[in-house]
Amino acid sequence: LKENNAKHMWHPMAHPADMRNNPPKMIRGAKGVEITDIDGHTTLDAVGGLWNANLGYSVDSIKQAINDQMNELPYYSAFRGTTNDKAVELSFELNDWFKPEGMTRAFFTSGGSDSVETCLRLARQYHKVRGEGERTKFISLKKGYHGTHFGGASVNGNANFRRNYEPMLAGCFQIAAPWTYRNPFGTDNAEEISNRCIAMLEDEIAFQGADTIAAMIMEPVLGAGGVIVPHKSFMPMVREVCDKHGILLIADEVITAFGRTGDVHGSRLWGVAPDMMCTAKAITNSYFPFGAAMMGEKVVDAFESNKDAVGNIGHGYTYSAHPVGCAAALATLAEIKKAKVWENAKARGIELQNGLAQLKEKHQIVGDTRGIGLMAAIELVDDRPTKTPASKPAIAAAFDAAYEAGVTIRVSGNNIILSPPLVISPEDVNRMIGALDKGLAAAASV
Ligand code: PMP
């Protein structure tokens, strides 16, 4: 197995040389909040699958729902002229989940990248049906991550994810992300940074021409780019700017929906109602590849009242509204609601941030710790004053030592990223801090 993994699987996020020296861990089993590799080594999964196994791996009701649906209706298309009962039930349920954000319609997808693509396409279509067809551009945040399809990658805030695929979608531009640790403004005052980013946004809109811009897409809390938590003023101000210029606001909630930030959704954390929301990941607790692009009244109304202009929509996937995915989502949402997992995420998140702050006191290699709810990052640096990123071998050593000590973490660039299941206990938080302590010591000794 190990040999074939290196030979026959494409691991695009691992450099071929890393693959030989440091092949991926091969996971064979999972139970509760733990995973076990083929050598029988069990670790606490501080990555939560990939921000998505929010309830852990032993949720019988979801497995049962998937099994029952497989027996009842394993698949039928929801494309032209047909749909399925579970899809309708789920759209009704989501209507309830997103009431405060005013999202009334769902379009079901197979994951986050599909949900993003759907919202970007709908944004252009929204303006076209309203006779504003020249509005085609997209704004996003540097450090934002929006998946790997061409549209999503075009609005990606990390140039490394675009470089190999140029030319990208025309008319996509980014403004600085509002974070205190690294920013172009020479201050660490979060509110001032938020204001400066908004000023930058206004400048860029004026430069591009407001009536050329279709939408702004942003994560309420930036995830894959290194867990950047904006000041609470930021997203409400983005909402105001978008409204002023007739620009749609798309919240990419692929990570933040359904509890991870300590609130039910990321937009709710900031009290903002976007025009569309992209969800995926935790919606089926990772057990089925699935997502939902949510649309607010404004967008729905534009389509409803301009039926002739809409014409052939030309958007849909073979697996849109897959009945097994819908059944998995219904069972997952029932569990999330029952356990109110966002409350545990908030409480454990505070403990986690306290633990990380202590690790920063102890280890010089830690430049910054940040996060909210159960999404957190530790940024490793060679030198605190210059913030020079720590070396790749140092970061790899942190991963290995933490794994050895019984916790799987995720490393990305010079960050350690933590996104454990939202059902972890205070003891699990201590276990994470203990293993990270060892990981950071190992990184410092490289
Ligand atoms: N948007 C965000 C905010 C994400 O974090 C991700 C995945 N990490 C995506 C979109 C893409 O989702 P997927 O990998 O399911 O296509």
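Quick note: the coordinates plus some simple rules give every number you see, no bench work behind them. Please read these numbers as outputs of a predicted model, since none were measured by experiment. Cβ coordinates were reconstructed from backbone atoms using ideal geometry, including for glycine residues, and neighbour counts include every protein chain displayed.
Seen through its C-alpha gyration tensor, with square-root eigenvalues sorted a ≥ b ≥ c, the range 174-271 comes out oblate because a/c lies at 1.5 or above while a/b is not bigger than b/c.
Exposure proxy shown here: for Cys278, Cys242, the number of other Cβ atoms within 10 Å sets the order, fewest to most, as Cys242, Cys278. Counting every other Cβ atom within 10 Å of each residue's Cβ, His41, His127 order from fewest to most as His41, His127. Taking a ≥ b ≥ c as the square roots of the eigenvalues of the Cα gyration tensor of the range 62-338, is the shape rounded (a/c under 1.5), prolate (a/b larger than b/c) or oblate? Verdict is prolate for the range 62-338. Counting only residues at least eight positions apart within a chain, or on another chain, the aspartates and glutamates with an alpha carbon under 12 Å from that of Lys2 are Asp37, Asp39.
In a simple Cβ point-charge model (Lys, Arg +1; Asp, Glu -1; nothing else charged), the range 207-258 has a dipole of about 140 debye relative to its Cα centre.
Peptide packing: for 162-174, 317-329, 85-97, the average count of neighbouring Cβ atoms within 10 Å per residue gives the ranking 317-329, 85-97, 162-174, highest mean first.
Look at where the Cα atoms of the range 245-288 and of the range 30-91 average out, and the two centres are 19 Å apart. Which whole-number percent gives the relative contact order of the chain, counting Cα pairs below 8 Å spaced six or more residues apart? RCO, the chain: 21 percent. Per residue, the average separation of C-alpha pairs within less than 8 Å and at least 6 apart gives the range 343-446 a relative contact order of 31 percent.
Please tell me which of these pairs span more than 28 angstrom C-alpha to C-alpha: Lys142/Lys438; Lys392/Lys438; Lys86/Lys346; Lys142/Lys392; Lys338/Lys360; Lys346/Lys392? Over 28 Å apart, Cα to Cα: Lys142/Lys438; Lys86/Lys346; Lys338/Lys360; Lys346/Lys392.
Take each peptide in 183-192, 335-344, 137-146, count the other Cβ atoms within 10 Å of every residue, and average; sorted highest first, the result is 137-146, 335-344, 183-192.
With the charge dipole of the range 339-446 set up from +1 on Lys and Arg Cβ and -1 on Asp and Glu Cβ about the Cα centre, the Cα lying farthest toward the positive end among the listed residues Ile395, Ala443, Asn415 is that of Asn415.
Would you look at the GNM of the chain, springs on alpha carbons closer than 10 Å, and say which of Ala280, Ala46, Ala302 moves the most? Comparing Ala280, Ala46, Ala302 in a Gaussian network model of the chain, the most mobile one is Ala302.
Taking the chain as a Gaussian network of alpha-carbon nodes connected by springs under 10 Å, the highest mean-square fluctuation of the residues Leu249, Leu269, Leu380 belongs to Leu269.
Summary of the geometry: the range 290-353 and the range 204-243, compared by the centres of their Cα atoms, lie 21 Å apart.
Taking the charge dipole of the chain about its Cα centre, with +1 at Lys and Arg Cβ atoms and -1 at Asp and Glu Cβ atoms, the residue from Ala293, Val88, Ser233 reaching farthest to the positive side is Ala293. Going by neighbour counts of Cβ atoms within 10 Å, the residues Val411, Val423 line up, fewest first, as Val411, Val423. Is the range 308-446 best put as rounded, prolate or oblate by its Cα gyration tensor, with a ≥ b ≥ c the root eigenvalues, rounded for a/c under 1.5, and otherwise prolate when a/b is larger than b/c, oblate when not? Because a/c hits 1.5 or more and a/b exceeds b/c, the range 308-446 counts as prolate. Ranked by the mean number of other Cβ atoms within 10 Å per residue, highest first, peptides 103-110, 356-363 order as 103-110, 356-363. For the chain, the dipole from Cβ point charges (+1 on Lys and Arg, -1 on Asp and Glu) about the Cα centre works out to 520 debye, to the nearest 20. Reported to the nearest whole Å, the Cα centre-to-centre distance from the range 158-184 to the range 420-441 is 32.
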